[in-house]
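S.K.: Okay, handing you the structure first.
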Amino acid sequence: MNPLALDIFLFFLKLSLLAVGGANAAVPEMHREVVEIRGWMSDATFSQGYALASAAPGPNVLFVAVIGWHVAGWQGLVASILGFIGPTFILAWGVAMLTQRLAGDARLAALRAGLVPVAVGLILATGLVTAAAAARGTGAEMAVAAAITLGSAIFVWRSSFSPIWTLAAGGVIGLFLLR
């Protein structure tokens, strides 16, 4: 394994245990590390990779593979996926066995209820970070980007339509704005 792939593995290994709420909840920390600290990707590449992985069928963890592939090719892809999924798989398996044993316990119900706002906050931070990474330009351009982001969030929250429609609408709006 090349040294860069090892760095990717260790970063995602550490991040996997802090990703309460899944891969989407860890996106702000991924952005900070990958774009701001290590400079492995630009803001634009990061937000485009996130949008691409979100539009693809399958789990949201695909974004981790996109980062690994971009940074270190196939070795980075494998390192990022193993680093991010491995520890959480083992932890989830152990917790599942424990929750079966503690089914009906009030403390378990309280713990689950307490983790909901944490996961929601982390996912909200993901939206803010990716919107900020995508919104570069004048004040008017940033206001349009913020309006599109807010409109998309409300659409997904309040409608029964697939979120893919917001990505399609964003692409169409982008085509018209970039002309």
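S.K.: Scan segment 127-148 and tell me whether some residue there is under 15 Å from residue 31 (Cβ atoms), out of contact with any Lys or Arg (no Cβ under 8 Å at 6 or more places or on another chain), modelled with pLDDT under 90 and not in a helix (DSSP H, G or I).
M.R.: Checked against the condition, which is being under 15 Å from residue 31 (Cβ atoms), out of contact with any Lys or Arg (no Cβ under 8 Å at 6 or more places or on another chain), modelled with pLDDT under 90 and not in a helix (DSSP H, G or I), segment 127-148 yields at least one hit.
S.K.: Take the conditions within 23 Å of residue 117 (Cβ to Cβ) and not hydroxyl-bearing (Ser, Thr, Tyr) and apply them to residue 15. Does it pass?
M.R.: Answer is yes for this residue.
S.K.: With the structure loaded, tell me whether residue 150 is in contact with a Leu (Cβ under 9 Å, 6 or more places away or on another chain) and either free of Cβ contacts under 8 Å to residues at least 24 places away in the same chain or farther than 25 Å from residue 66 by Cβ (or both) or whether it fails that test.
M.R.: On the way: in contact with a Leu (Cβ under 9 Å, 6 or more places away or on another chain): no; either free of Cβ contacts under 8 Å to residues at least 24 places away in the same chain or farther than 25 Å from residue 66 by Cβ (or both): yes.
For residue 150, the condition - in contact with a Leu (Cβ under 9 Å, 6 or more places away or on another chain) and either free of Cβ contacts under 8 Å to residues at least 24 places away in the same chain or farther than 25 Å from residue 66 by Cβ (or both) - is not met.
S.K.: Follow-up question, since we're still on this one. Do the conditions hold for residue 109, that is, is it assigned to a helix (DSSP H, G or I) and in contact (Cβ under 8 Å) with a residue 40 or more places away in the chain?
M.R.: Judged against the criteria, residue 109 is not a match.
S.K.: Here's a follow-up. Pick from segment 90-104 the residues that are under 27 Å from the mean Cα position of the chain (by Cα) and not hydrophobic (A, V, I, L, M, F, W, C): which of them is modelled with the highest pLDDT?
M.R.: The extreme case among them is 94.
S.K.: Another question about this same structure. With respect to the numbered conditions (1) touching a residue at least 40 places away in the same chain (Cβ under 8 Å); (2) loosely packed, with under 14 Cβ neighbours inside 10 Å; (3) of a type outside the set (Asp, Glu); (4) in a helix (DSSP H, G or I), which one is the sole condition not fulfilled by residue 92?
M.R.: For residue 92, the exception is condition (1).
S.K.: Of the residues that make up segment 106-121, is at least one within 30 Å of residue 171 (Cβ to Cβ) and buried (at least 18 other Cβ atoms within 10 Å of the Cβ)?
M.R.: Looking through segment 106-121, none of the residues is within 30 Å of residue 171 (Cβ to Cβ) and buried (at least 18 other Cβ atoms within 10 Å of the Cβ).
The values are calculated or read from the model by the stated rules, or taken from the named source; none is laboratory data. Computed from a predicted model, the values in this text were never measured in an experiment. Note: ideal-geometry Cβ built from the backbone for every residue, glycine included; neighbour counts use all protein chains shown.
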